[in-house]
1. Can you give the FRET efficiency for residue 66 and residue 339, using 1/(1 + (r/R0)^6), R0 = 56 Å, r = Cβ-Cβ distance, to the nearest 0.05?
2. Ranked highest first by average number of other Cβ atoms within 10 Å, how do 93-99, 237-243 line up?
3. What is the extension gain from residue 178 to residue 81, computed as 0.36 nm multiplied by their sequence separation minus the C-alpha to C-alpha distance, in nm to one decimal?
4. By per-residue mean of other Cβ atoms within 10 Å, what is the highest-first order of 64-76, 223-235?
5. So how much slack lies between residue 354 and residue 281, counting 0.36 nm per residue of separation and subtracting their Cα-Cα distance, in nm?
6. Under a cut-off of 16 Å between alpha-carbon atoms, report the lysines in cross-link reach of residue 301, not counting same-chain residues fewer than 8 places apart.
7. Given a Förster distance of 22 Å, report the FRET efficiency between residue 361 and residue 255 from their Cβ-Cβ distance, rounded to the nearest 0.05.
8. For segment 147-216, max minus min Cα coordinate along each principal axis, in Å, sorted largest first?
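Every number here is computed from the coordinates shown, using simple stated rules; none is lab data. This is a predicted model, so every value here is computed, not measured. Here Cβ is always computed from backbone atoms with ideal geometry, including for glycine, and neighbour counts include all displayed protein chains.
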Amino acid sequence: MFNEIFLKVTTNTLNPLRKQITFNDLKKIPDNPFTVDRLAWNAINLNKAEKIYVDTVTDLTNIPDAKTDLIWLINNKYNIRSDFPWNWRPRKSLAMSKIWDFPRVSSATGKVITWDCVRLIPNIPLAELLKLEKVQSKIQASYNSSSFDIVHISFDERQAEFTFQRVKYKAPKLLQVKGVDSIAKAHQEAGRISKSEMVWIVDADAILFDTFEFDFQPPESKRNNTIYVWQAKNPINGLIYGHGAIKLVPKSVLETLNVANVDVATSALANFIQVEEVSNYHQFNTDPFNTWRTAFRECAKLARGANYFGNKDLYPGNEKNKEYLNAWCKKGKDEKFGKYCIKGANAGKAYGKNKKNDMHLINNYKWLKQEFIKSNTV
């Protein structure tokens, strides 16, 4: 075997004469160019590895057939760094007996965000593959490198510090707006303190999913005229839509936000895009008042006709509003503070339906507190 490798290394296949291996030739060999092992890999044409894009690199049960001895599995939801060393190879003695994982990391801290990014595996039967040891490589495959500021907004939420620290772990340069007693004014302040052309908005009752990353990059043409809203899961009634979810908003929109706007996401701009990804749990049910307040505000808006559902021709807002109102007003009684959620939802629905009522009051925390006390002492 050694003689075969030696001949292929030292023979120019296009010329019967021997070719001397130079220092520059060695430098072209990946990883550690000064080992005969890497030189052998390159020389005997085992340096090819097919690239296969998958939803997750951790699932080894449904890998498409490949013709190469090694296979790159690539998570198709991440942008892999342009200079990733696809020609990297482990020593031949280890290549067919290990699985090699390459992480996605924070560009700010270098911390690993996920290992479900890029994986190099040997092309062997599944039963053998599942027994192999996994090796975590130091080579970084992808970066979380959002260029937009992230702002955490809180008022009196019990878990505000917890959610702030959780987001800060992902984004060490996280900004904070705290204690502003108007929702619209808090968003204006978020725009004022940020420096980027768009701003990520994270509410204090948002528990981010581990899989969510602040790495979305909208087209240049939409960065000053479009609000993007992700989706959040409601812990009481199970609804999944834009309420309580992460938002990406143009800085100019935040700075010029009219305090008369009832809802930042749906009334500030005509251009509104609902992102399909679920970003977080909307953990608003931390005490009776916060639960009641959140349900009241949302159902007042839904009853009045707030549209969270993008293109009205494809998703008629009124029909969706009715469907979601029904869930808010009836589901989840046995969940934590579920009865306060249902009670607040029904009160908000009644308030929103009466067009004589001033909708701007639903953003007034003091008024909401008084309404909560009245509704729970009757």
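1. Values: r = 56 Å, r/R0 = 1.00.
Computed FRET efficiency for residue 66 and residue 339 comes out at 0.50.
2. Details: 93-99: 15.0, 237-243: 18.6.
Those peptides, ordered most packed to least, come out 237-243, 93-99.
3. Numbers: separation 97, 0.36 × 97 = 34.92 nm, distance 3.62 nm.
Gain in length upon complete extension: 31.3 nm.
4. Most protected by this proxy first, the peptides run 223-235, 64-76.
5. On the way: separation 73, 0.36 × 73 = 26.28 nm, distance 3.07 nm.
Length gained between residue 354 and residue 281: 23.2 nm.
6. Correct list for residue 301: 320, 322, 343, 349, 353, 355, 356.
7. Details: r = 24 Å, r/R0 = 1.11.
According to the calculation, E is roughly 0.35.
8. If we take the Cα atoms of segment 147-216, the spans are 31, 30, 16 Å.
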